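Enquirer: Pasting a structure here, questions to come.
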Amino acid sequence: MKTKYLIKILIFFTLYVSFYSNVFGKINASIIVKVGNEIVTNSDLENEIKTILILSNKNINQKNIDGVKDIAIKSLIRNLIKRNEIKKRKIEKYSEIELNTYLTQISSRLKTDRAGLKKIFLNNNLNYNSFLEKNKTELLWKTLIYLKYKNQIDINTIEVENEIKKRVKNKNINREYELSEIELSHKNSQKFLKDVYLFIQNNSFEEAAKKFSISSSSARGGKIGLFPEKTLSKIYLNELKKIKSGEVTGPIKNADSIIILKIEAINLLEEKNLDLNKIKEEIIAKKKEEKLNLFSKSYFSSIENLTLIKFQ
């Protein structure tokens, strides 16, 4: 009886030591980068790479994995930096409508519904909850930026009225641009910029966006959707009017970044009965969004510079 008891203790102890040695060994081996007090593991990276490829309708092969690896790492780091700031500021509210709209759009693009989207994640052994939390973080970040800068969003009423007049004057001819973007840091050299354009020429805009863009749209090959001409800022519109569908703009310099746009398609729309109040609301909303995006980029850049990022 005593012998059996000792054997059980010995087996338990051996398994205990083996288990914890393996666990800690795996944890240490799997850490690839530390962001402040948070970590990114190989498992996180694998999940992010596969998620990017599947949501972009790409095959999971070595070439595609290598193509999005840097994007995935940057995306995970940006998300952790934002998450830490959100926790620090105790932001808890976000737009569930925006989240649901985004999930519906993703599902539609993959020719399925919300339940089907979850099934795609399950079938590919992907963490759907991580994907969900990552998108919630982006929306919580939007809340943070709005709360921090809401008193600084002054809209020039004269500009709004002038845009309304233009809309009324040109009501019969309206363009809608389907756009893709590449966003680069303003710190990049001219040589780097030339390399980006050369890569676009030799490969594709989509692949260049995935490789170089620091925007969250990089995961979608830079695709940012449809934009009525009236909603675009003057600096963007001036550049877009210089090129045709399928072509790429020159570098557009903003306060904190450089943007390259590609026109995927141009749709001509006809407006008949104009709702002036609705037009005014659209213009004001777009101008507010543009200002908030600038505040967001500037604020993120400031906290990124203060965050210790250490690759293992």
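Enquirer: Using only the alpha-carbon atoms, how far is helix 190-202 inclined from the longest principal axis of the chain? Give it as 0 to 90 degrees, nearest 10.
Expert: 90 degrees
Enquirer: Output needed for segment 203-305: three equivalent-ellipsoid semi-axes, defined as square roots of 5 times the C-alpha gyration tensor eigenvalues, in descending order, whole Å.
Expert: They are 25, 20, 12 Å, listed largest first.
Enquirer: Related question: Placing unit charges on C-beta atoms (Lys and Arg positive, Asp and Glu negative, everything else neutral), compute the dipole magnitude of the chain about its Cα centre in debye, rounded to 20.
Expert: Around 720 debye, computed over the chain.
Enquirer: May I ask you to derive the FRET efficiency for Glu161 and Ser301 from their Cβ-Cβ distance with R0 = 30 Å, giving the value to the nearest 0.05? Please report the intermediate quantities before stating the final value.
Expert: Values: r = 33 Å, r/R0 = 1.12.
Between Glu161 and Ser301 the formula returns 0.35.
Enquirer: What number, in nm² with one decimal, is the all-direction average of the projected area of the convex hull of the alpha-carbon atoms of segment 26-66?
Expert: 3.4 nm²
Enquirer: Let me ask another. Determine the shape class of segment 151-204: with a ≥ b ≥ c the square roots of the Cα gyration tensor eigenvalues, call it rounded for a/c under 1.5, and otherwise prolate if a/b is greater than b/c, oblate otherwise.
Expert: It comes out oblate by the Cα gyration axes.
Enquirer: Taking the Cα centre of each part, how many Å lie between segment 136-209 and segment 235-250?
Expert: 13 Å
Enquirer: Ranking request for peptides 147-154, 305-312: highest mean number of other beta-carbon atoms within 10 Å first, then the rest in descending order.
Expert: By packing density, highest mean first, the sequence is 147-154, 305-312.
Enquirer: Semi-axes of the equivalent ellipsoid of segment 45-168: what are they in whole Å, largest first, if each equals the square root of 5 times a C-alpha gyration tensor eigenvalue?
Expert: 33, 20, 16
Enquirer: When the chain is fully extended, how far beyond the present Cα-Cα distance does Leu193 get from Ile243, taking 0.36 nm per residue of separation?
Expert: 16.1 nm
Enquirer: To continue, here is another question. Could you pull the Cα extents of segment 54-123 along its three principal axes, largest to smallest, in whole Å?
Expert: Taking max minus min along each principal axis of the Cα atoms, segment 54-123 gives 39, 29, 18 Å.
Enquirer: Mind ranking Arg167, Arg109, Arg78 by accessible surface for me, highest first, 1.4 Å probe?
Expert: Solvent-accessible surface, decreasing: Arg109, Arg78, Arg167.
Enquirer: In debye, nearest 20: dipole of segment 163-312 around its Cα centre with unit charges on the Cβ of K, R (+) and D, E (-)?
Expert: Dipole size: approximately 460 debye.
Enquirer: Is there a pair in Lys69/Lys210; Lys142/Lys291; Lys148/Lys262 whose C-alpha atoms are over 21 Å apart, and which pairs would that be?
Expert: Correct reply: Lys148/Lys262.
Enquirer: Moving on to the next point. How much of the pair distance distribution for segment 262-312 lies past 12 Å, counting alpha-carbon pairs only, in percent?
Expert: I get 78 percent for the Cα pairs in segment 262-312 exceeding 12 Å.
Enquirer: Rounded if a/c is under 1.5, else prolate if a/b beats b/c, else oblate: with a ≥ b ≥ c from the C-alpha gyration tensor eigenvalues square-rooted, which is segment 138-259?
Expert: Taking the square roots of the gyration eigenvalues as a ≥ b ≥ c, segment 138-259 is oblate.
Enquirer: Sticking with this structure for a sec: Kirkwood-based Rg over Rh for segment 103-174 (C-alpha set), two decimals? If you can, show how the numbers build up before the last one.
Expert: On the way: Rg = 20.4 Å, Rh = 16.3 Å.
We get a ratio of 1.25 for segment 103-174.
Enquirer: Then there's this: Run lengths n ≥ 4 of DSSP H only: what is the helix-derived mean residue ellipticity at 222 nm for the chain, with -39500 (n - 2.57) per run over all residues, to the nearest 500? Write out the running numbers ahead of the final one.
Expert: On the way: 11 runs with 189 residues, N = 312.
Result for the chain, helices only: -20500 deg cm²/dmol.
Enquirer: Give me P(r) over the chain, computed from all C-alpha to C-alpha distances, binned every 10 Å, as integer percentages.
Expert: Computed distribution, short to long bins: 5, 20, 30, 25, 10, 4, 3, 2, 1, 0.
Enquirer: Using a 1.4 Å probe, how large is the accessible area of Phe227, given in Å² and rounded to the nearest 10?
Expert: Phe227 has an accessible surface of roughly 40 Å² with all protein chains in place.
Enquirer: Another question, then. Helix 276-306 versus the longest principal axis of the chain: what is the Cα-based angle in degrees, 0 to 90, to the nearest 10?
Expert: The angle comes out at about 40 degrees.
Enquirer: Considering only protein heavy atoms, with the full assembly of protein chains and a 1.4 angstrom probe, order Ile97, Ile259, Ile65 by accessible area, largest first. Don't skip to the answer; put the middle values down first.
Expert: Working: Ile97 130, Ile259 0, Ile65 45 Å².
Putting Ile97, Ile259, Ile65 in descending order of accessible area: Ile97, Ile65, Ile259.
Enquirer: Compute the distance in nm between two label points, each set 7 Å from the Cα along the Cα-to-Cβ direction, one at Ile31 and one at Val168.
Expert: 6.4 nm
The values are calculated or read from the model by the stated rules, or taken from the named source; none is laboratory data. All values reported here derive from a predicted model rather than from experimental measurement. Cβ coordinates were reconstructed from backbone atoms using ideal geometry, including for glycine residues, and neighbour counts include every protein chain displayed. SASA here: full protein model, heavy atoms, side chains in, ligands and nucleic acids out. Shrake-Rupley method; radii C 1.70, N 1.55, O 1.52, S 1.80 Å.
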